[in-house]
Amino acid sequence: MYTLEQLEKEAIALIEQESFLNEPSTLYDPIEYGMKQGGKRIRPLLTLIAADMFSSDVNKAKSAAIAVEILHNFTLLHDDIMDQSPLRRGKETVYKKFNSNKAILSGDTMFALAFKHLLNYENEIVKDLVEILTQSSIEVCEGQAFDMEFETRNDVKIEEYIKMIRLKTGVLLSCALRLGATTAHCTKENLSLLDEFAQNIGIAFQIQDDILDCWSDLEVFGKITGKDIVDNKKTFLYLKALEIGSERQQNILKELYSSKNFESTQKEQVVKSIYEELKIKELAQKEMQYYHNLALESLDKIKIDNERKENLRLFAEKLMKRNK
């Protein structure tokens, strides 16, 4: 088996060494730019971890690892257009650098390229791999649709939010793990447990992202902080504050989130002050830990030697300690 550090380096190198350049350059330059913006390469890492867990044949999983990272970056590219986000990982977003039309077309191409990488596998598992990537793509889009819908709704419940982030974040982590495990001919029972692990760790990951967006530095986080507040995003923080806040606090939050006409810095300061009065950060961290624990329970049930699960366990622990 590989160490987690070795697999992390392998996942990063895998994407950095892959060229996405082709003709016409107006189509492929934005893809190359988006794919080479850096990042921890969490999803290809998970694909390699899963392959290593069940077969130790990491090389066999590399095409699947590239496929899931292309799909992930495709979703980021389109999300940034929809959210009008100027920065991603501390750099201009693809649509900002190349314009929206070019970014949309490049994103569409990325979606096709992700599936093309799965055609490198033997017929015995191609159908399973394509099915995983297809269903995951649909569910990620469902999650994005819920996210957009929530922006204009004033009755969003925390349970709905959890469902949305499971679809937007947990599903793609699950996709990454199951692709890698499928290349290693993993059993259906273990695939199901990997899915449970990833969905719950994905929810924990996104709640942590909510926290980081509110209480992090731009230089560390890599994108503008406080954007969720400015964009009226119904995050766990906001929904929890509405649930437990006083009538006065609820009314202030609802008023601030009913319009984008407030001065952004002042709006952010007022919302954060309410969050801090209610200890929302601590409550969010507790919720994050709850889903993290659920993920580890599923990991414990996977029927392989415990030492082969260690990389996934270490990955889960590192995820909870990230600051960007």
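The values are calculated or read from the model by the stated rules, or taken from the named source; none is laboratory data. Only a predicted model underlies this, so the values are computations on that prediction, with no experimental measurement involved. Ideal geometry is used to build each Cβ from the backbone, glycine not excepted, and the neighbour counts take in all protein chains shown.
Quick one: in the range 1-35, of everything that is under 30 Å from Lys309 (Cα atoms) and not in a helix (DSSP H, G or I), which residue is modelled with the lowest pLDDT? Top of the filtered list is Met1.
Does Leu296 satisfy the condition of being modelled with pLDDT of 95 or more, under 23 Å from the mean Cα position of the chain (by Cα), of a type in the set (A, V, I, L, M, F, W, C) and more than 19 Å from Ile201 (Cβ to Cβ)? So Leu296 fails the test. Across the range 270-293, the number of residues qualifying as within 21 Å of the chain's Cα centre (by Cα), under 24 Å from Leu256 (Cα atoms) and of a type in the set (A, V, I, L, M) comes to 1. Applying the criterion of at least 1 residues that are more than 15 Å from the chain's Cα centre (by Cα), among the hydrophobic types (A, V, I, L, M, F, W, C) and under 22 Å from Glu18 (Cβ atoms) to the helices (runs of 4 or more DSSP H) found wholly in the range 72-172 leaves 94-98, 100-118, 123-150. Scanning the range 89-108 for residues that are touching a helix residue (DSSP H, G or I) at 6+ places or on another chain (Cβ under 6 Å) and within 26 Å of Lys62 (Cβ to Cβ) returns Val94, Ser106, Gly107.
When the helices (runs of 4 or more DSSP H) confined to the range 211-324 are screened for residues that are among the polar types (S, T, N, Q), those reaching at least 1 such residues are found at 247-256, 264-277, 280-301, 306-320. Is at least one residue of the range 32-51 among the small types (Gly, Ala, Ser), surrounded by 15 or more Cβ atoms within 10 Å (Cβ to Cβ) and over 21 Å from the mean Cα position of the chain (by Cα)? No, the conditions are met nowhere in the range 32-51.
Set side by side, the residues Glu268, Glu263, Glu276 differ, and just one is modelled with pLDDT of 95 or more and not hydrophobic (A, V, I, L, M, F, W, C), which is Glu276. Scanning the range 10-24 for residues that are surrounded by 14 or more Cβ atoms within 10 Å (Cβ to Cβ) and under 21 Å from the mean Cα position of the chain (by Cα) returns Glu10, Ala11, Ile12, Leu14, Ile15.
Does at least one position in the range 175-191 carry a residue that is among the polar types (S, T, N, Q) and within 20 Å of the chain's Cα centre (by Cα)? Looking for residues that are among the polar types (S, T, N, Q) and within 20 Å of the chain's Cα centre (by Cα), one finds none in the range 175-191, hence no. Note on the range 92-101: among residues that are surrounded by 17 or more Cβ atoms within 10 Å (Cβ to Cβ) and not polar (S, T, N, Q), the one that is farthest from Tyr28 (Cα to Cα) is Lys96.
Can you find even one residue in the range 287-298 that is surrounded by 13 or more Cβ atoms within 10 Å (Cβ to Cβ), within 30 Å of Tyr2 (Cβ to Cβ) and of a type in the set (Ser, Thr, Tyr)? Yes, because at least one residue in the range 287-298 is surrounded by 13 or more Cβ atoms within 10 Å (Cβ to Cβ), within 30 Å of Tyr2 (Cβ to Cβ) and of a type in the set (Ser, Thr, Tyr). Which of the residues that make up the range 36-71 are outside any helix (DSSP H, G or I) and either within 15 Å of Thr182 (Cβ to Cβ) or not polar (S, T, N, Q) (or both)? The answer is Lys36, Gly38, Gly39, Lys40, Arg41, Ser55, Asp57. The condition of being touching a helix residue (DSSP H, G or I) at 6+ places or on another chain (Cβ under 8 Å) and of a type in the set (Asp, Glu) holds for only one of Glu255, Glu243, that being Glu243.
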